[in-house]
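Handing you a structure now.
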Amino acid sequence: MFSFLQRSSRDALIRPLTMEDRADLEAMINTDPVAFLYAAEHLDLFGLPASSAMPALRTSAGFMGIFEPTSDETTAPVANAGLEPEQHRRQSGLSLSPRIKQIADIFLSPISQARPSSSELEDDGEEPLRSAAPISHVLVGAFWLGSNCVPLVIPDAYRAQVATVIARSSRTVASIFGAQQDVLGLWELLAPKMGKALSIRENQPLLYLPLDVSLERLAAQSLYRPDLEAPQVVAGGARWARTSDRQSLLKASVAMFTEEVGYDPMSRDPVGYARRVDEFIRTGRSVVATNDDGVVVFKADLGLAHADVCQIQGVWLHPAYRGFGLSEPLLAQAFQLIRPRFPHISLYVNDFNTRARKLYAALGMSEENTFATILF
């Protein structure tokens, strides 16, 4: 166990968020629904624990809040109460694209209400005794800490404190991912304490498919390729995965993961990985295309989804079908299937994956932000 109490009045208070913090956390998430989609989905799935006079210091996973101390005599410097969305973004250091700004303007609400000034205490006509004012705290940042560590907002002034909390926790962190500045800033402090990483991906463009981009032309292309030596892709193309696809989809998912991450997921957690594939089929979160033999040769998953926003993960085309111009029409068809449910489609890609970046650019996706990932 470890304590989240601040060490001095200038330190942040870092503690698990509880139900009473939900409105503030949701307001923070809504400043960028695309970049903070992981947090939005996890808040919807897991919620927040009830408030307690003695909050648990050890939980399996949860949201951690960064609270800045402030005197009741003055308005919290970063409370953002009453600010217009553009002022809030400027003050919090968020850099948003015009499309993200439009979404944020709709959803954004103040992260915290301004606290009224306390009555000044007089002492025989002397100056007010400001040091007697009680210290309160306002939420200025947050991060998810579980098997993954996912920062939302990490103020520069408290990054070292956050790194200390992560390093002292009893959790085994499999990855740190999110906004590039926060991830790399934390890793610089954590690297000496957490040992060698399996992979460090410093530059991962976060891409978004604008609502006005038409996919009709690409999706309508024929999938027949006369020079293909393998069985042809079924003419119907992309569709939602079915239970009958399970075995073939599991093989495709393992091949994708091994190619992308560098190890076979079945060697570490075969039951958990197979369960995830089953869950994606059951909940309609995997899109596939099969060949004439019924083998899955293309897949794309809705790795994250909340409200009307989703993040595509696990895009994969069988090696035997690469180089024939099939990726564009199949992914366009997949996006057409997804759009009615989740019109705001995003994904992030490694900067060195030039083939994938050309594919996403051909589909009309634009860069909205930059992520980074540390894999262990």
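Could you check the stretch 328-343 and list, in sequence order, the residues that are buried (at least 22 other Cβ atoms within 10 Å of the Cβ), touching a strand residue (DSSP E or B) at 6+ places or on another chain (Cβ under 8 Å) and farther than 16 Å from I281 by Cα?
L330, L331, Q333, F335
Next question. When you scan the stretch 282-302, how many residues do you find that are surrounded by 15 or more Cβ atoms within 10 Å (Cβ to Cβ) and more than 20 Å from S346 (Cα to Cα)?
6
A further question on this structure: Given the conditions (1) touching a Gly at 6+ places or on another chain (Cβ under 9 Å); (2) assigned to a loop (DSSP other than H, G, I, E, B); (3) not acidic (D, E), and given that F352 satisfies all but one, which numbered condition is not satisfied?
(1)
Just name the residue that is least open to solvent (accessible area, probe 1.4 Å) out of those in the stretch 303-327 that are more than 25 Å from Y38 (Cβ to Cβ) and aliphatic (A, V, I, L, M).
The extreme case among them is L326.
Would you check which residues across the stretch 149-196 are open to solvent by 20 Å² or more (accessible area, probe 1.4 Å) and in a loop (DSSP other than H, G, I, E, B) and list them?
Scanning the stretch 149-196 gives P155, S170, R171, T172, A174, G195, K196.
Just give me the residues in the stretch 257-278 being in a loop (DSSP other than H, G, I, E, B) and surrounded by 13 or more Cβ atoms within 10 Å (Cβ to Cβ), in sequence order.
Answer for the stretch 257-278, where residues must be in a loop (DSSP other than H, G, I, E, B) and surrounded by 13 or more Cβ atoms within 10 Å (Cβ to Cβ): just D264.
Shifting gears a bit: Can you list residue pairs whose Cβ atoms sit under 9 Å apart, with the first residue in the stretch 356-369 being free of Cβ contacts under 8 Å to residues at least 40 places away in the same chain and part of a helix (DSSP H, G or I) and the second being open to solvent by 20 Å² or more (accessible area, probe 1.4 Å) and among the acidic types (D, E)? Count only pairs 6 or more apart in sequence or on different chains.
From the stretch 356-369, the pairs are L359/E328.
What do you reckon, is I166 over 16 Å from the mean Cα position of the chain (by Cα) and hydrophobic (A, V, I, L, M, F, W, C)?
Spelling it out, I166 is indeed over 16 Å from the mean Cα position of the chain (by Cα) and hydrophobic (A, V, I, L, M, F, W, C).
Checking the condition in contact with a strand residue (DSSP E or B) (Cβ under 6 Å, 6 or more places away or on another chain) and either aromatic (F, W, Y) or modelled with pLDDT of 95 or more (or both), which residue from L184, L215, L211 passes?
The match here is L184.
Please enumerate the residues belonging to the stretch 318-349 that are in contact (Cβ under 8 Å) with a residue 24 or more places away in the chain, of a type outside the set (A, V, I, L, M, F, W, C), assigned to a helix (DSSP H, G or I) and out of contact with any helix residue (DSSP H, G or I) (no Cβ under 8 Å at 6 or more places or on another chain).
Y321 - this is the single residue of the stretch 318-349 that is in contact (Cβ under 8 Å) with a residue 24 or more places away in the chain, of a type outside the set (A, V, I, L, M, F, W, C), assigned to a helix (DSSP H, G or I) and out of contact with any helix residue (DSSP H, G or I) (no Cβ under 8 Å at 6 or more places or on another chain).
Can you name the condition, by its number, that L375 falls short on among (1) closer than 24 Å to S147 by Cβ; (2) of a type outside the set (G, A, S); (3) open to solvent by 60 Å² or more (accessible area, probe 1.4 Å)?
In the conditions (1) closer than 24 Å to S147 by Cβ; (2) of a type outside the set (G, A, S); (3) open to solvent by 60 Å² or more (accessible area, probe 1.4 Å), L375 misses (3) alone.
Among the residues of the stretch 247-279, count how many are free of Cβ contacts under 8 Å to residues at least 40 places away in the same chain and of a type in the set (A, V, I, L, M).
6
Out of the residues in the stretch 216-244 that are of a type in the set (D, E, K, R) and part of a loop (DSSP other than H, G, I, E, B), which is most open to solvent (accessible area, probe 1.4 Å)?
Top of the filtered list is E229.
Let's see how each residue does on (1) without any contact (Cβ under 8 Å) to a residue 60 or more places away in the chain; (2) more than 29 Å from F257 (Cα to Cα):
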site	(1), (2)
R159	yes, yes
V162	no, yes
I166	yes, no
S170	no, no
S175	no, no
A197	no, no
Y208	no, no
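L186 fails exactly one of the following numbered conditions: (1) farther than 26 Å from V309 by Cα; (2) among the aliphatic types (A, V, I, L, M); (3) over 17 Å from the mean Cα position of the chain (by Cα). What is the number of that condition?
Among (1) farther than 26 Å from V309 by Cα; (2) among the aliphatic types (A, V, I, L, M); (3) over 17 Å from the mean Cα position of the chain (by Cα), L186 violates only (3).
The values are calculated or read from the model by the stated rules, or taken from the named source; none is laboratory data. Please read all numbers here as calculations on a predicted model, not as lab measurements. Ideal geometry is used to build each Cβ from the backbone, glycine not excepted, and the neighbour counts take in all protein chains shown. Please note that ligands, DNA and RNA were not included when accessible areas were found on the heavy atoms of the full protein model with its side chains. Shrake-Rupley method; radii C 1.70, N 1.55, O 1.52, S 1.80 Å.
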